[in-house]
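**Student:** Supplied in structure tokens, the structure appears directly below.
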Amino acid sequence: MVITPASQAGDGGSIPLTRSILLALCLAFCQPSIAALPATLDDGTPLPSLAPVVEEVLPAVVNIETFNRVRLRGPLRFSPFGGFYSQPREARRMASAGSGVIIDAARGYILTNYHVVESAQEIQVNLKDRRAISAGMVGFDRQVDIAVLQIDAKNLAEITRGDSDDLSVGDFVLAVGNPFRFDSTVTSGIISALGRGSGTGGYQDFIQTDASINSGNSGGPLVDLAGRLVGINTAIHTPSGGSVGIGFAIPSNLAIGIAEELIASGTIRRGNLGLWIEELTLDEREALGVAGEAGVLITRVTPGSLADDEDIMPSDLLVRIDGRTISDASDYASSAGLFIIGQTVALELIRDAELRTVRVEIVPPRSVPVEGRRVDARFHGTTLQNFLDEDATESSSLGVIVTDIRRGSHAWNAGFRAGDILTSAGRLQVRDIDDLLRGLQNSGSDAVIGVYRSGSRGTITLRALPGV
């Protein structure tokens with residue numbers, strides 16, 4: 001409605017009487033009528049309602065508040081020695097960060113997003129029955145944006161776990177949250193897409209829903225019409241800051257798998273198979289004789305990787321991982337998020353029209369010598385291997401070390417020497433041989449390689465081979 005200023009109205013700035021009467025009548029009688037739906041139809045059949053589902057879910061949904069102690073500048077005071085000074089003081093700053101859901105009532109475990117609690121010095125959980133309880137951090141996974149909290153409380157309610165692999169586009173879902181201490185907000189919608197990227201970086205295998213996910217709902221549950229947890233609400237796509245019907249949730253199977261590992265060990269120790277995969281087009285499927293939509297093509301295997309040890313080869317078709325069908329890159333990414341060190345995964349592959357199963361034990365990064373030409377033809381005549389941090393509490397790779405190099409080789413002539421640690425390739429940080437492969441692939445014909453040598457850092461340009 002646009003209201004015209006009085007100075008712009010007719011008759012000396014006043015609205016004529018007839019117009020006033022018409023306006024009043026319109027406001028009184030022209031509004032659309034909104035009638036409440038009856039509880040039952042004429043034959044006594046009750047109308048469908050989501051109330052029973054919501055009533056079952058709400059007690060397991062919590063509000064999460066975070067606190068930080070900050071130094072504030074006090075009022076200025078005059079110093080008898082001249083000038084002014086201020087006495088700093090400490091204050092407790094509160095933020096109603098988001099929501100969470102109780103996944104284990106007996107032990108008090110709560111699942112939420114990592115970004116909800118990442119900067120918190122203190123965490124408080126507010127339950128539906130108005131109890132406010134201090135929470136401790138069990139562990140977090142920054143890559144997937146999952147955190148597990150724990151509270152010491154009795155008479156808790158936990159959510160029923162669902163199977164996110166059973167979801168289909170078009171299924172009805174509810175997004176539940178407890179933002180800003182507003183007592184449990186519920187929105188409804190459908191699954192709009194599966195295996196969706198949000199453009200936020202990191203993990204990219206989200207459930208997309210048009211159920212409104214508003215500010216403060218992060219970490220709350222996405223549930224099916226049986227009240228079972230199928231996702232953790234985590235992000236929205238919005239040009240304006242408000243919900244526009246494009247929300248994203250982490251699939252519950254991944255979230256629960258990460259949570260169980262965090263509860264068991266307090267951290268996530270991932271391994272990498274060393275597979276490079278590519279989705280198949282319809283024509284490629286027909287040419288390979290692949291029925292249905294299952295399977296992704298392995299295009300490259302990282303030298304010295306776990307997959308390399310198991311003789312997995314480029315052109316193999318990866319069909320299933322631990323019984324889960326792999327149809328596209330997002331399926332593989334979701335499975336790879338659960339490659340936890342110490343576990344064994346079963347890979348089902350098709351090679352030469354024959355199905356074979358390979359079992360791979362996920363182990364920490366290893367320092368295995370690799371012929372440089374297997375990484376890139378320009379490194380022919382070198383030996384490369386992961387440079388491990390021996391002082392780390394768990395195995396981690398800090399780059400790729402040149403352990404041997406042949407005098408007069410292309411890499412030698414470029415300036416590389418034995419003992420060099422390769423730390424970057426193009427714009428990509430290099431932590432291991434897999435990163436080096438990706439960086440070289442994205443760098444084009446000439447690659448700028450970051451090198452650490454004898455306490456100094458520099459770069460060497462690895463140019464294309466003559467005639468290539």
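The values are calculated or read from the model by the stated rules, or taken from the named source; none is laboratory data. In this text, all values refer to a predicted model and were calculated from it rather than measured experimentally. All Cβ positions, glycine included, derive from the backbone under ideal geometry; neighbour counts span all protein chains shown. Note: accessible area is taken over every heavy atom of the protein model, side chains too, but ligands, DNA and RNA are not part of it. Shrake-Rupley method; radii C 1.70, N 1.55, O 1.52, S 1.80 Å.
**Student:** Once the Cβ-Cβ distance between residue 137 and residue 299 is put in as r, and R0 is 60 Å, what FRET efficiency do you end up with, to the nearest 0.05?
**Tutor:** Once the sixth-power term is evaluated, E becomes 0.90.
**Student:** 5 Å is the cut-off here: which amide hydrogens, built 1.01 Å from N in the peptide plane, fall below it relative to residue 97, excluding neighbours closer than 5 in sequence?
**Tutor:** HN-HN under 5 Å from residue 97: 64, 65, 66.
**Student:** Calculate, in nm to one decimal, what residue 412 and residue 165 gain on full extension: separation in residues at 0.36 nm each, minus their alpha carbon distance.
**Tutor:** 83.8 nm
**Student:** When the solvent-accessible surface of protein heavy atoms is calculated with a 1.4 angstrom probe, in what order do 43, 145 fall, highest first?
**Tutor:** The most accessible residue leads, giving 43, 145.
**Student:** Using 0.36 nm per residue, how much length does the chain from residue 267 to residue 225 gain when fully extended, once their Cα-Cα distance is taken away?
**Tutor:** Value of the extension gain: 11.8 nm.
**Student:** Further, regarding this structure: Given a 1.4 angstrom probe, I'd like the percentage of the accessible area of the stretch 379-446 that is carbon and sulfur, rounded to a whole number.
**Tutor:** That fraction is 41 percent.
**Student:** I've got another one for you. At R0 = 60 Å, how high is the FRET efficiency between residue 119 and residue 352 if r is their beta carbon distance? Nearest 0.05 is fine.
**Tutor:** Calculated transfer efficiency: 0.65.
**Student:** Place a point 7 Å from Cα of residue 404 in the direction of its Cβ. Which residues in the stretch 293-313 have their backbone N less than 19 Å from it?
**Tutor:** 303-305
**Student:** Using 0.36 nm times the number of residues separating residue 49 and residue 366, minus their current alpha carbon distance, what extension gain do you get?
**Tutor:** Result: 108.5 nm gained on full extension.
**Student:** Heavy-atom accessible area per residue, the stretch 108-172, 1.4 Å probe: how many Å²?
**Tutor:** For the stretch 108-172, the per-residue accessible area is 51 Å².
**Student:** Continuing with the same structure: Which sequence of 350, 401 reflects their accessible areas, 1.4 Å probe, from the largest down?
**Tutor:** 350, 401
**Student:** Can you send over the solvent-accessible area of residue 302, 1.4 Å probe, protein chains only, in Å² to the nearest 10?
**Tutor:** We get 10 Å² for residue 302.
**Student:** On a 1.4 Å probe surface of the protein chains, which of 186, 61 comes out largest in accessible area, and what is the full order?
**Tutor:** Output order, biggest surface exposure first: 186, 61.
**Student:** How big is the stretch 327-445 by Rg and Dmax over its Cα atoms, in Å?
**Tutor:** That works out to 16.9, 47 Å for Rg and Dmax.
**Student:** Using a 7 Å offset from Cα along Cα-Cβ at residue 463, what residues in the stretch 394-434 end up with backbone N under 11 Å from the label point?
**Tutor:** Answer for this model: 414.
**Student:** Using the heavy atoms of the protein chains alone and a 1.4 angstrom probe, what is the accessible area of the stretch 226-351 per residue in square angstrom?
**Tutor:** 40 Å²
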